[in-house]
Amino acid sequence: MIKCPHCEFDGEHKLLRVWKFRWWGSYLYECPRCNGRFRYYVDPSGRRKNFIIKAGKKRELAVPA
Ligand SMILES: [Zn+2]
């Protein structure tokens, strides 16, 4: 389960965007509890770890999905 890096919420997050970052799958999520946004990166080969980056609150996402 993905955990919000802002408030540790680990329930259902709202998926805002999906795109490719080099070989990574990249997902932009919004936390329903604190409205914080974060990016979640997934390596499709599974050889590297998935990781989460904070993306600030209500400031990113200038481009609509
Ligand atoms: Zn949160």
Please list, ordered by first then second residue, the pairs with beta carbon atoms under 9 Å, 6 or more apart or interchain, first in the range 19-38 and over 21 Å from His6 (Cα atoms), second within 9 Å of the ligand (Cβ to nearest atom). none
Which of (1) at pLDDT 95 or above; (2) touching a Cys at 6+ places or on another chain (Cβ under 8 Å) does Gly36 not meet, given it meets every other one? (1)
Flagged pairs (Cβ under 7 angstrom, 6 or more apart or on separate chains; first in the range 1-13, among the aliphatic types (A, V, I, L, M) and at pLDDT below 95; second within 10 Å of the ligand (Cβ to nearest atom) and not in a loop (DSSP other than H, G, I, E, B)) are Ile2/Tyr29
If a residue must be surrounded by fewer than 16 Cβ atoms within 10 Å (Cβ to Cβ) and within 11 Å of the ligand (Cβ to nearest atom), how many such residues does the range 1-13 contain? 5
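The values are calculated or read from the model by the stated rules, or taken from the named source; none is laboratory data. Keep in mind that this is a model prediction, so the values were computed, not measured. In this analysis, Cβ positions are derived from the backbone assuming ideal geometry, glycine residues included, and neighbour counts consider all displayed protein chains.
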